[in-house]
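Take a look at the structure set out below.
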Amino acid sequence: MLTLNHFLVLGALLFCIGLYGALAKRNAIAVLMGIEVMLNAVNVTMVGFSFFNTVKPYSTYLTGQIFAIFIITVAAAEAAVALAMIISIYRKRSTVDVGEINLMKW
Amino acid sequence: MAWYQFSWLILFGPLFAFVAIIFGTRMWDLATRPREEAEATPADAAHAHDEAEGETQLIVTHGPHGEEVVLEDDEDPKVPRLTMGARASGYLGIVVVALACIYSWILLLNTSGVINIAPPLDPRGLTVFSYDWLNQGTASYSIAFHIDNLAIAMTVVVTTVSLLVQFYSQGYMENSAGYARFFSYLSLFTFSMLDIVFAQNFLVIFVGWELVGLSSYLLIGFWINKRAKPAEDRPAPATAAIQAFITNRIGDVGFIIGIMILFAQTGTFDFGTLADKTNPHGVVQAFVNSGNTGLLTAAMILVFCGAIGKSAQLPLTVWLPTAMEGPTPVSALIHAATMVAAGVYMVARTYPLFAAAGPEALGVVGWVGGITALYAALTALTQTDFKRVLAFSTISQLGYMFVGLGVARGTEFGVGPGMYHLFTHAFFKALLFLGAGSVIHSLHHAMHAEVQDMRKMGGLAKYMPITAITWLVATLSISGFPFFAGFYSKDNIIALAFDQQDYGLYIITLGTAGLTAFYMLRAYILAFGGKGGGFGGLWGGPYRGEGEPHESPRTITIPLVLLAIASIIAGYWTGFFNYVQPINPSAPNLNLGEVFTNPLTWVGVLVSLVGLGWAYVLYTRFELATIHNVVENNALLRFLHRLTLRKFYIDDLYDLLIRYVVLGISHIEAAFDAYVVDGIVNGVAQAVTGLGRSVRHVETGKVQAYMVGFFGGLAVLAIVVFALVTFVK
Amino acid sequence: MDLATLLFWIIAIILVGSALLVVGMRNIVHSALALVVLFGMASGIYLLLNAEFIAIVQILIYAGAVTILILFALMLTRTNNISTNSNPTNRQWWLAAIISTLVGAAIIFAVTLSQYSTVHAGSGVAYGTSACALPPNNVVYIGQLLYSPTCYSYVLPFEIASLVLLVAIVGAIVIGRED
């Protein structure tokens, strides 16, 4: 029998894997992919909450799914902007290594 | 009641005049001033703009009749002619103060019963204006004005002298730059002085106190470009202004501490409440009944410190003689008739508090006054500067007033004797100063330089008879010659000292009366008479200056005549004692019959006649040079002469004190500031900078480092929460 | 074990495995392909949770658009040895591993403590009163929740989201443009 627990733990696992990718990768695109994984983890959690909602007034029934839609929207926007930035930086410095991009240093 | 209720108009009229002149007619004056001609020399142009050229020694300007006149560089800047704006400023100031003067005379005549247009004033006075500035818990700070007979008498003095002085200034200041500014300052001063007079509580009187200090500062330093004259021992007006201001501040420190003590104990500033014997906030309940009379005495002596500073009593006398560097009308108005009397008025206003305090409080008042009177009279004996003699005589007479207040302790006389002398003194001292101003004005036209040294005068009575005769009236009045105003008021104080068995003060005041007579007649003869003049040397004689002096214009002589009349008849207001103390109707009035039958009176008259006679004999029978030689050839006389001429070395003592003690402490404090305070400040700054320099390496600019920080912090928090949930529960 | 549970386990294992491949592959193009698998499996999870609309959107946007975007970016930022080591880790990978483990452990710990963690699906179907009739299916319902001017809806946040997208488009063009 499936419970909310399953989906939350699944989300947590995905989240921390994505976090590792975002923290440990040199390639900026890999970092971005880690972030996408994290966002998906959150989406799984949200939709899970929506499905297992025990208090169901009409208006809040699908709130989790609505949340997921907005997260997808923002994630798409973020991916577009971030990739544009990566390409722009690559053109200027011929690298996508986030460890070498430190223009905002002291 | 309406007549009384609207008397705040007297107070605010001059303030209005000040504002109107500063923002209105003075702007008009500045806008319409003629541009200097193209061919004017740079020095001349600078002169017109109130800026003295540093290097220029001689300045060519145009005299009153169009001739070229060579002036010394330290003359005050001259304007060729006054603009309409400047004249309007003068007229505005005069009209406003004239209306105030008329109003205050109406009040005086009504309250003294001469005319009857309004019901009698409540003996405790009437609050005419009140504004709650701040209400804070139990203490309330209000701006409140109040009139009673004492205030009305003082208002009359202030507005009358102010009116005459402003009228006089039209002639005296005619050629001076900043004519409009001068009248605005005079209006400001009148307002400030009336603020003191109308004050209902210590807060308001303190504000007025500081305002008169400010206007005195502005007016002493009015001729900002005038230089010091070391040969004549005369400082620059700017320096004198600073000295006056700072010396007054020293007294004010005591004043404000005294006020704070009173306020801390009683919780009120209001004079009426403080003096009320039944009110729990009154000093009697707050101090005396709780066994704190000593503290009250200390507080009142501290309050008196303010009066010492403002009235130039010992040891703060030094500023008044140097304040004579200001224009002479200012000397007459502020430094003789009204502002310096503010100290006396303040003591009179707070007299119930002094009376409630221990006998030491009024003892201090009396003895400070007595010693100052003697000191100033001795110093005045040898001064050669015309105005300085008058300055010391002012200090001396103020001493008399304090003696009058001091010795009247515990009696039914109250503030009467002191205030009476203030009242009469205001007229004859203003007259003396305005007469001196008339002489200086005239000699200025004759010699084209500002001459105040009496050794360059002599025999002026021939040239300027009106000035001479009015000056003689004032001289006799201040000397205590019978039937003149000063005789009644001064003799009253001397007799009171005797009646109170205060024989020390009696001897001092009596001796001072003789000295006063001597130096005043000496000044008169040196200026107006001399050996070979009429009336045995009293009228005319050899003139020791240059040029041809003339009698001053009408704007100057009219006030002199009016004041001369006042200097005589002011002594015949016999109801004064009763008038200023309506709350104590048993105060005995001046009884002319008793005055003339009392042998003590004739002792006083004798002493002053001796003084007058000696001066007459000495200065009309011998040339000034002869007297000088005799003094220089006698070791003892030379020593005494030096001693008094140098003002008993009090100025030099202050000089040493400031040069070595005050500046020494200042150097130590400067070092403390430079090394310790700055060290701490710079140390803190350097520590912060160093910390920032080492910590900034945290900012690597790498986004993953920041993410590690963020999620690492989250991980640490997770551990903490885990630990708390698991082990604490 | 019913079918749904079986499906869940299969999908979950593939999901986590593909996620690990995303962060673990040495060739970044392979990582990107593993990401496509991940998006597809996530879509399966949504189907299990009766969220058909989200599942379709997931396929369209993530598996379709975002993956293509990432692949294009990879092509435009070509690195030298793309097949051997194009997806290296940095020097703080061990720290990242510790932090990730701790954060994940904390979330799972919190989940197990929650009183809602063991609820079953459909345990409380109680629709509130509304002026609008209950929609026939999930897609219509979401559409109503997003756009309806009369019923309770998220129309204003939706408009704002469209503005965000517009700004993102303009920003991406401005940033990515050749000088």
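The values are calculated or read from the model by the stated rules, or taken from the named source; none is laboratory data. Note that the structure is predicted; figures quoted are calculated from it, not measured. Every residue, glycine among them, receives a Cβ derived from its backbone with ideal geometry; neighbour counts consider all protein chains shown.
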Those residues that are surrounded by 15 or more Cβ atoms within 10 Å (Cβ to Cβ) and assigned to a helix (DSSP H, G or I), I need them from the range B:528-554; list them, please.
B:528, B:537
State the number of residues belonging to the range B:75-106 that are at pLDDT 90 or above and of a type outside the set (Gly, Ala, Ser).
12
Restricting the range B:88-105 to residues that are of a type outside the set (S, T, N, Q) and in contact with a Phe, Trp or Tyr (Cβ under 8 Å, 6 or more places away or on another chain), the one surrounded by the most Cβ atoms within 10 Å (Cβ to Cβ) turns out to be B:93
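Do any helices (runs of 4 or more DSSP H) lying entirely in the range B:585-677 carry at least 1 residues that are within 29 Å of residue B:320 (Cα to Cα), and which ones are they?
Those helices (runs of 4 or more DSSP H) span B:599-621, B:624-633, B:635-645, B:650-656, B:663-671.
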Within the range B:328-362, residues surrounded by fewer than 24 Cβ atoms within 10 Å (Cβ to Cβ) and over 27 Å from residue B:148 (Cβ atoms) come out as B:360
Would you please name the residue that is modelled with the lowest pLDDT, looking only at residues in the range A:53-102 that are buried (at least 20 other Cβ atoms within 10 Å of the Cβ), touching a Ser or Thr at 6+ places or on another chain (Cβ under 7 Å) and within 14 Å of chain B (Cβ to nearest Cβ)?
A:96
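For (1) within 14 Å of chain C (Cβ to nearest Cβ); (2) closer than 29 Å to residue B:247 by Cβ, each residue gets a yes or a no:
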site: B:666; (1), (2): no, yes
site: B:682; (1), (2): no, no
site: B:693; (1), (2): no, no
site: B:697; (1), (2): no, no
site: B:705; (1), (2): yes, no
site: B:720; (1), (2): yes, no
Every pair of residues 6+ apart whose Cβ atoms lie under 7 Å, when the first sits in the range C:65-76 and is within 8 Å of chain A (Cβ to nearest Cβ) while the second is acidic (Asp, Glu) and buried (at least 20 other Cβ atoms within 10 Å of the Cβ)
C:66/A:36
What is the number of the single condition among (1) in contact (Cβ under 8 Å) with a residue 40 or more places away in the chain; (2) at the interface with chain A (Cβ under 9 Å from one of its Cβ atoms); (3) part of a helix (DSSP H, G or I) that residue C:29 does not meet?
(2)
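Being among the polar types (S, T, N, Q), within 22 Å of residue B:348 (Cβ to Cβ) and touching a residue at least 12 places away in the same chain (Cβ under 8 Å) is the filter here; which residues of the range B:266-297 pass it?
Matches in the range B:266-297: B:266, B:268, B:293, B:297.
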Counting just the residues of the range C:141-176 that are facing chain A (nearest Cβ under 10 Å) and hydroxyl-bearing (Ser, Thr, Tyr), which one comes out farthest from the chain's Cα centre (by Cα)?
C:152
I need the full set of residues from the range B:1-60 which are at pLDDT 85 or above, outside any helix (DSSP H, G or I) and touching a Ser or Thr at 6+ places or on another chain (Cβ under 9 Å), in order please.
B:7
